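Please treat every number below as a calculation from the coordinates, not as lab data. Quick caveat: nothing in here was measured; it's all calculated off a predicted structure. Cβ placement follows ideal geometry from the backbone for every residue including glycine, while neighbour counts extend to all protein chains displayed.
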Amino acid sequence: MTEIKIFSPATVANVACGFDVLGFCLDSQGDEMIIRKTKEKGIKITHIEGFDLPYETEKNVAGVSALAMYKNAKPDCGFEIEIYKRIKPGSGIGSSAASAVGSVFGMNELLGKPYNKTQLTCFAMKGEALASKSEHADNLAPAIFGGFTLVKSTLPLDIIQIPTPQDLYATIIHPQIEIKTSDAREILPKNISLKDAISQWANVGSLVHALHTSDYKLIHRSLQDIIIEPYRKQLIPFFDDVKFAAIKAGALGCAISGSGPSIFTLSKGKEIAQNIKDVMSLVYSKTNIDFDIHISKINTRGVKILS
Ligand code: ADP
């Protein structure tokens, strides 16, 4: 095999109480990429479609993660990468992570799978660091492992896969506003109270238990973020209105996806997800903010081969 076409999915990180640790993988949105072995050594990005992104290997997250693996594997060939970008960069659903994952997943397949999923995540973290200035894996892990993942630690990298309840759907709205990553960081509190920390880790624990036992009522009681959301929601106009409407329409929870501006909900069954889509759309359609909205089943497979 000298060429492979893959689908690299969008992901939701910072799942409410699981700030910086919990993520899940989406089915409905993702990039396509072609990875090709070449005789000439090195990594080259030869085609980008969809969004204006750098072709220089060292400036594109797909190139940086590919280089990290390439230096480790020292193969007797090179690779070309084509990116068909469908996930808008900066939308908060892991656009950079999808690229970082796609290149290393494709190369690993073409090399006969010398690396496991955790090792692939390590290489992809090098690419992700280019976009976010720090090595983190909360979007990468769900893209590589599929379903829900918890990043227990990054040094050493320790990823835990969590089961996905069968009827769980996500509705994700992307208001077309720009949030600077630096603003999303600066707005965070430097210290938190012990009382809030206790509530937050109780919710993370119960959310993980609820996912294991498909306890939708417990998912609803656990999907809360009392630490980060009160600050970051200030950067997303109409967040409270969207959340109120979504919960009223049956959402198990509603929170900021990644560092925003996308907002996600989880719900039981497609019908409720559709109702949530309608009410969330209604909130933004009364404003002058454009938006995209998608319903997605949780993607339990993650990045995959198309051909
Ligand atoms: P998201 O949360 O949607 O992944 P980020 O803010 O983390 O968005 O990443 C987007 C940033 O990474 C943009 O500045 C973009 O120019 C840069 N970037 C570099 N290469 C890529 C790539 N292949 N795909 C997406 N973004 C990339």
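Values for this structure:
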item: Bridge type composition, segment 41-168 - antiparallel percent by DSSP, nearest 5; result: 45
item: Hz values of 3J(HN,Hα) by residue in segment 225-236 - Karplus curve (6.51, -1.76, 1.60), Gly and Pro given as x; result: 10, 8, 9, 8, 3, x, 8, 5, 5, 5, 8, 10
item: Cα gyration tensor shape of segment 222-294, rounded if a/c is under 1.5, else prolate or oblate by comparing a/b with b/c; result: oblate
item: Shape of segment 138-257, Cα gyration tensor, a/c cut at 1.5; result: rounded
item: From the C-alpha gyration tensor of segment 129-182, square roots of 5λ in Å; result: 22, 21, 7
item: Kirkwood-based Rg to Rh ratio, segment 4-112, C-alpha trace; result: 0.99
item: Estimated FRET transfer efficiency when R0 is 22 angstrom, pair K113-L218 (beta carbons, to 0.05); result: 0.05
item: Cα-centre dipole for segment 132-221 with unit charges at Cβ (Lys and Arg positive, Asp and Glu negative), debye to 20; result: 220
item: Helix 117-132 vs. the chain, principal-axis angle (Cα, 0 to 90°, nearest 10); result: 80
item: Ellipticity estimate at 222 nm from DSSP helix runs (n ≥ 4, -39,500 (n - 2.57)) divided over the chain, nearest 500; result: -11500 deg cm²/dmol
item: C-alpha long axis of helix 270-285 to longest principal axis of the chain, angle in °; result: 80
item: Separation in nanometres of the label points that stand 7 Å from Cα toward Cβ, at M1 and S28; result: 3.0
item: Dipole-positive endmost among L235, G23, N288 within the chain (Cβ charges, Cα centre); result: G23
item: Listed residues I6, G258, V151: farthest to the positive end of the dipole of the chain (Cβ charges); result: V151
item: Stokes-Einstein translational diffusion, the chain - Kirkwood Rh over all Cα pairs, 0.692 mPa s, 37 °C, in µm²/s; result: 169
item: By average C-beta atoms within 10 angstrom, highest first, the peptides 56-62, 286-292, 189-195; result: 56-62, 286-292, 189-195
item: Distant-in-sequence amide H partners of D20 (H built 1.01 Å from N, under 5 Å); result: N14, V15
item: Segments 141-148, 179-186 sorted - mean Cβ within 10 Å per residue, highest first; result: 141-148, 179-186
